[in-house]
Amino acid sequence: MLKQIRDGDWISLVLWLFRAVVILLVLYGTVAKLFFGVGNAYSGRDWANFFISGLSQGSLYALIALGYTLVYGVLFMINFAHGEFFMSGTLTATVFVALPLSASGFLDRTPIIGMMLILITAMSVSMGVALLTERVAYRPLRRAPRLVPLITAIGASFFWQYYFRGLFGSSLIPFPELQVLQGRYTILGVEILKTRAVVIVASLIMLVGLYFFVMRTKTGKAIRAVAEDKDVAALMGIDVDRTIAITFATGAAMAGAAGVLYGLVFRQVVFSMGFVPGIKAFTAAVLGGIGSIPGAALGGLFLGIFEAIGPPLFLEGLGIPGGHQLKDVIAFTMLVLVLIFRPQGIIGERLAEKKA
Amino acid sequence: MALLEVHNVHAYYGNIHALKGISLTVQEGEIVSLIGGNGAGKTTTLRAISGLLPPRAGYITLQGEDLRRYKAHQLVSKGVAMVPEGRGVFARLTVEENLEMGAYHRSDRTGIAADMKRVYQLFPRLEERRRQLAGTMSGGEQQMLAMGRALMSRPSLLLLDEPSMGLAPVLVEAIFQTIKEINKAGTTILLVEQNAHMALQTAHRGYVLQTGEIVLEDSAHNLQQNPVVQKAYLGID
Ligand SMILES: Nc1ncnc2c1ncn2[C@@H]1O[C@H](COP(=O)(O)OP(=O)(O)OP(=O)(O)O)[C@@H](O)[C@H]1O
Ligand SMILES: [Mg+2]
């Protein structure tokens, strides 16, 4: 720090102080909470509940974040329409599959088959929307400067939001409740909402499945090859355009599945539902180091848990009431901090520098 | 009919006219080398042949078939493989995964396994490093990997772009030895080099490229004796 003052490097000094203040605040709040009991008193079970709800929220972020990271990996582009891939599948599956199946009683009689049908529909629609977006809006811009597809992505995001609003209206649509998922499991003395448990388990299975797909299958290896060098990948006989489309579809399938899980937890869907989870998942992808698949998964889990535990822990410790409404503030503060101080992410590699 | 025929090819990067009417032929079984200074258009010629930079005028045939209708990734199954300049290994894939990518268009599992064995015989070093990330290998090892990977597609025509670049003299000898072996085993080779000395010793015939045009064409032996070539590319006055 002394060196920075001597060199007159005031900007990095200010940034350094800013970071120190944030860390001190978090530490102060945590200590005040844990050792001096500021704010509400929480039992161990309460903390476990915060953790579990954070974990379940985080696993949704993780699933969505994979789409950002996969696409960034192959195109170095932030696909801002990804939140809409998430929304489109769920909304369609809710209206055309979940609600009719629920009304006819099919969903409660055969919940597993019912959920499968909902999932397949949601994932297919999300994939279709993604493939269409890639083909029409992104592929023609492959050789354009990087900012161009970024702006197009924002346009695509608006397009799909209003397209689906036109299809399904702008009011909240209830996602049916499954009888089998009412109530709680008790695991090691901690009660967990069944829906949350299902979300966590289903997400983990998909995360592992995706990792296997990318690391072990021929198509997955081709995706990684295209991410490294498109010309050389083409020299290997890899159809680069097709592989990029598959990458979009893979990310969208994860998002579509995440959307159904989201419906299970929050029990309502709407055309604008993709926006906030989309940005949160983007934050998670950046946290984990965009371009890195394990990074996106860990970043998502970390963000979900941090959001859930942060408010009762250090926000209350700092004497800030109603902390739970501030969890978005925590997430976005974290995004800004990471972008300023560690753009390569917390666990990610120095992608930005290497590719630049 | 020649294996490869390049007919009066013009290629551009935007407005830059990089190839100004190149014609060359490679006969089946030959090693042909293309020499020239920096920026002469050697890499561009290979990119045109492999489909990465389609010619704006002129055309290229492989066994008489016009290649204009194919994209780069479709040419691999036609028998064209290329080791790009700077090797182009996939740094974050393992050695074995890199080799698998070389066989991407094939689906004959047993054939692929046999070819991988052959590559490991040719470059035992690669077998020791099978599970290592390609990016962590030395320059020489990466060159071996890039060549092995190209062989995995069972090419009839192998395009090599400066295989000796950045290698120690001992390794350069070894690489050119391997190039001869690959050729003896039945693969036709078009070799681009700045190391004209080694290239002309290895090749049967050669072309000299200068600012996008072919200025000389002869047997490798005659080119080595040619005073112009000696002065400009072999450092002999
Ligand atoms: N991507 C590109 N964009 C614009 N111009 C290029 C590009 N690549 C090559 N050129 C130009 O085309 C000409 C031929 O380049 P090329 O790479 O084929 O040369 P080379 O003979 O392979 O040279 P070297 O021995 O240095 O590799 C050069 O003038 C070069 O500046
Ligand atoms: Mg070159």
- Message: Just to be sure I understand: with springs between alpha-carbon atoms less than 10 Å apart, which residue in B:135, B:212, B:102 has the highest mean-square fluctuation in the Gaussian network model of chain B?
- Response: B:135
- Item | Straight-distance crosslink candidates among aspartates and glutamates, where the alpha carbon sits under 16 Å from residue A:327 and sequence neighbours closer than 8 are dropped | A:307, A:316
- Message: Given a 1.4 Å probe, show me the residues in region B:104-140 buried by at least 50 Å² of accessible surface when comparing the whole protein assembly to the chain alone.
- Response: B:104
- Please return the longest stretch of chain A lacking exposed loop sites, where trypsin sites (Lys or Arg not before Pro) count only if DSSP places them in a loop and at most 16 other Cβ atoms lie within 10 Å. A:1-141
- Item | Pairwise burial A:B, computed as accessible area of each alone minus the pair, summed, 1.4 Å, Å² | 2000 Å²
- Message: Antiparallel versus total DSSP beta bridges in the protein assembly as shown: what percent is that, nearest 5?
- Response: 60 percent
- Note on the structure: Surrounding charge for residue B:192, neighbours by C-beta under 12 angstrom, Lys/Arg +1, Asp/Glu -1, total -2
- Query: Dipole size in debye (nearest 20) for the protein assembly as shown around its Cα centre, Lys and Arg Cβ +1, Asp and Glu Cβ -1?
  - Reply: 900 debye
- Query: What net charge do the residues around residue B:136 carry, taking every other residue with its C-beta under 12 Å from that of residue B:136, with Lys and Arg at +1 and Asp and Glu at -1?
  - Reply: +2
- Message: With just the Cα atoms defining each centre, how far is region B:1-49 from region B:98-129? Give it in Å.
- Response: 29 Å
- Message: How large a share of the accessible area of chain B, in percent, is made up of carbon and sulfur atoms when the probe is 1.4 Å and the other protein chains stay in place?
- Response: 48 percent
- Applying the span-like rule to chain A (DSSP H, Cα extent along axis at least 24 Å, Kyte-Doolittle mean at least 0.5) gives A:10-36, A:44-75, A:111-133, A:147-168, A:194-216, A:240-266, A:293-310
- Query: Tally Lys and Arg at +1 and Asp and Glu at -1 over the other residues with C-beta under 14 Å from the C-beta of residue A:186: what net charge comes out?
  - Reply: +3
- Query: Counting DSSP beta bridges in chain B, what percent are antiparallel, to the nearest 5?
  - Reply: 55 percent
- How much mean residue ellipticity at 222 nm does the protein assembly as shown get from its helices, if each DSSP H run of length 4 or more adds -39500 (n - 2.57) and you divide by all residues, to the nearest 500 deg cm²/dmol? -18000 deg cm²/dmol
- Message: Could you tell me how far the Cα centroid of region A:260-290 sits from the Cα centroid of region A:104-154, in Å?
- Response: 14 Å
- Item | Most mobile of A:24, A:315, A:13 in a GNM of chain A (Cα contacts under 10 Å) | A:13
- Query: With the other protein chains left in place, how much accessible area per residue, in square angstrom, belongs to the protein assembly as shown at a 1.4 angstrom probe?
  - Reply: 45 Å²
- For chain A, with all protein chains present and a 1.4 Å probe, just round the carbon and sulfur fraction of the accessible area to a whole percent. 69 percent
- Shielded residues, region A:225-241 - accessible-area loss of 20 Å² or more between chain alone and all protein chains, probe 1.4 Å: A:225, A:228, A:231, A:232, A:234, A:235, A:236, A:237, A:238, A:239
- Exactly which trypsin sites (Lys or Arg not before Pro) in region B:122-187 are in a DSSP loop and have at most 16 other Cβ atoms within 10 Å? B:130, B:131
- Task: Name the residue farthest towards the positive end of the dipole of chain A from the options A:340, A:171, A:181, assuming +1 on Cβ of Lys and Arg, -1 on Cβ of Asp and Glu, about the Cα centre.
- Result: A:340
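The values are calculated or read from the model by the stated rules, or taken from the named source; none is laboratory data. Computed from a predicted model, the values in this text were never measured in an experiment. Neighbour counts run over all protein chains shown; Cβ positions are idealised from the backbone, glycine included. For the accessible areas, the whole protein counts, side chains as well, though only heavy atoms, and no ligand, DNA or RNA atoms are used. Shrake-Rupley method; radii C 1.70, N 1.55, O 1.52, S 1.80 Å.
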